[in-house]
Amino acid sequence: MEFERIKSPQDIKRLNISQLSDAADYIRRRIVSVVEKNGGHLSSNLGTVELTVALHYVFDCPHDKIVFDVGHQAYAHKIITGRDEAFDGLRQNGGISGFPKPDESEYDAFGTGHSSTSLSVAQGLAEAARAQGINQSTVAVIGDGALTGGLAYEALNSIGSESSPVIIVLNDNEMSISKNVGAMSNHLTRLRIGKKYSRLKNDIKRSVSVIPFFGDGAIALMERGKSFLKKIVLSNKIFESMGITYYGPFDGHNIAELVDVFSQAKKKNGPLLVHVVTDKGRGLKSAAVDPVHSHGVAAVSGLVTERAQFSQTLGKFLISAAERDDKIVAVTAAMAIGTGLEEFSKRFPDRFKDVGIAEEHAVTYCAALAAGGMKPYFAVYSTFLQRGFDELLHDVCIGGYPVTFCIDRAGTAGSDGVTHQGLFDLSYLGMLPNMTVMCPTDGDELASMLEFSRSFGKPLAVRYPKDYVNTRVHAPIEYGKWEILRKSDSKTYVLCSGPRAVDEAEKAAKRVDMNIVNARFVKPLDAEFLKSINKVGNVVVTMEDNVLHGGFGQSVLCALDAFGRKAECITLGYPDEFADDRSVRSSLEKAGLTEENLIKVLNSLKRK
């Protein structure tokens, strides 16, 4: 049958089992067409279409709760739950988010954007319902990649010990963003291979059930002895040892089988895990063949971009440094491609460590590598480093260990929205004793900072957005010293942290005279330079791709106050709120980090 629009889960529930594959085909075509236009997470969503259709066929949302871990695989869920027509605006300003958002739809049980949170959320929702006497099914859909995160195991332990009525759907596709690593990945591989156990059990059931008068009793006896059968064919103790009943593995693209399994799971009382095996990128050859590079795809605009990426510079530098220094180690948390380490991992496999989706572990692991005499470089997105804050403080900074944090996607994040904004790192890094924070304006300066890091001997964070436009000739790196990019007789000094601020200031300087300073060190500040410009009649403007609260501008204000402030100081950056702009340019405009706003601010001062 053909579908024009899916208006609600009821449109799915009205279908018979044989028609559900038609709905899945429609949803898959819809996802491909919109993602090709808008960009987004492609392979992960194509792999969960049948799974999502079966979930909505069996469970009654929004009364029942479905929590999607990470949330980047929830496109089919959005289409089914009344957002089919709005799906054309996916990840666009004014359109729907690429992740679940409760303020967008009552069908989104909880806001998700980071990994390994779904089990904790599901337990909380299930326990809240149980405490209030609400008869509710609570489902957590978690990928095998997310099971590399420690938070998932804390939740598994709690769910099992409390016998919380949570249905865990383990979506096993052997992938997170980079290929999964670690013991859990190996265990799930054995479970997939062990599918012969399920086939053997079903074959025995079918054979025994036809025996008159004896079949039902034999099946009951066999169920009581199934743990013995598992021990013979398949060693699967990890979940059931936690008090969580395990079922599977099942074909995650067989809707009839999934509907049957979920219908049985819905009748159970205690915690259980349904293990389904799916193909990432299902239904689209390019995404299925290369699910890693099809995880997140850019919108097709027809324009050729000339913006270079900082991650490319990082990857090239670390390869060169590793050739010269056998103590260099590159570490990532399931983000080798996005952070520029893919080629390094091939060239130096013994000095490349992908710890999985486990940023907390990565930070402490790097601290110990440094304590042991190695030179670790942890490449991580700003939004994900937030998860390792305690480890930054406790395990790196207290000991002063020389770990270099290469913080990618810093500043406004664009289309990924509120959960992925890198607007807070200058604030939380700046409060940590023993931490030095640097901001390059282009790839050449990043390379110089990384070379500086090799002999620095202390914790160092180098933060940068995804890309940059211009390359400049820079002065050598000198600890705690800023660089004057444009010197004039003007009494206006624009202090810029990072490439976006510098780019806008340089454009504004073509129309308004000013000094432009590359504040390459955000911590420590260049106190000597600040003292030199702290004069009556001078104007100091700070620009940062970060929240103002606790950021670069406030640090400058505090320093000027300590000197006895004489110059007038204006700070430009993001307000104390969460930003959900899907456009980098729109975010910069709202924060006032643009050529136009800088000129407006300076002109307003002249009129005073």
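Observations
- Site pair Arg307 and Gln264 shows an inter-label distance of 5.0 nm when each label is modelled 7 Å from Cα along Cα→Cβ.
- DSSP beta bridge pairing in region 332-465, given as percent antiparallel to the nearest 5: 5 percent
- Solvent-free Debye scattering, log10 I(q)/I(0), computed from the Cα coordinates of region 510-608 at q = 0.20, 0.24 Å⁻¹: -1.11, -1.41
- The Rg/Rh ratio of region 3-113, with Rg taken over Cα atoms and Rh as the Kirkwood radius over Cα pairs, comes to 0.92.
- Average accessible surface for the chain: 41 Å² per residue, computed with a 1.4 Å probe over protein heavy atoms with every protein chain in place.
- Under-5 Å amide H pairs with Ala308, H placed in peptide plane, nonlocal only: Tyr468
- In a fully extended conformation the segment linking Glu568 and Ser488 would gain 27.0 nm over its present Cα-Cα distance, using 0.36 nm per residue.
- Approximating the spin labels as points 7 Å out from Cα along Cα→Cβ, the Lys590-to-His63 distance works out to 3.7 nm.
- Check: region 320-470 dipole with +1 on Lys, Arg Cβ and -1 on Asp, Glu Cβ, in debye: 220 debye
- Computed from backbone phi, the HN-Hα couplings of region 247-252 come to 10, x, x, 10, 6, x Hz, rounded to whole numbers (Karplus: 6.51 cos²θ - 1.76 cosθ + 1.60, θ = phi - 60°; Gly and Pro given as x).
- Note on surface exposure: Arg500, Arg520 rank Arg500, Arg520 by accessible area, highest first, 1.4 Å probe.
- Gain on full extension, evaluated as 0.36 nm per residue between Ile134 and Asp88 minus their Cα-Cα distance, stands at 13.0 nm.
- Percent antiparallel among DSSP beta bridges (both partners in the chain, rounded to 5): 15 percent
- Residue separation of Asp444 and Ser583 scaled by 0.36 nm, minus their Cα-Cα distance, works out to 47.4 nm of gained length.
- Built from the Cα atoms of region 454-569, the convex hull projects on average onto 8.0 nm², one quarter of its surface area.
- Paramagnetic reach from Glu106 (point 7 Å along Cα→Cβ, amide N under 20 Å) across region 48-78: 56-68, 77-78
- Measuring between their Cα centroids, region 343-385 and region 488-566 lie 33 Å from each other.
- Kirkwood hydrodynamic radius of region 387-455, from the reciprocal of the average inverse Cα-Cα distance over all distinct pairs: 13.5 Å.
- Cα extents of region 66-137 along the three principal axes, largest first (Å): 39, 24, 18
- Surface composition of the chain: carbon and sulfur make up 52 percent of the accessible area, probe 1.4 Å.
The values are calculated or read from the model by the stated rules, or taken from the named source; none is laboratory data. Since the structure is predicted, the reported quantities are computational estimates derived from the model, not experimental observations. Positions of Cβ are generated from backbone atoms using ideal geometry, with glycine treated the same way; all protein chains shown enter the neighbour counts. What goes into the accessible areas is simple: the full protein's heavy atoms, side chains included, and nothing from ligands, DNA or RNA. Shrake-Rupley method; radii C 1.70, N 1.55, O 1.52, S 1.80 Å.
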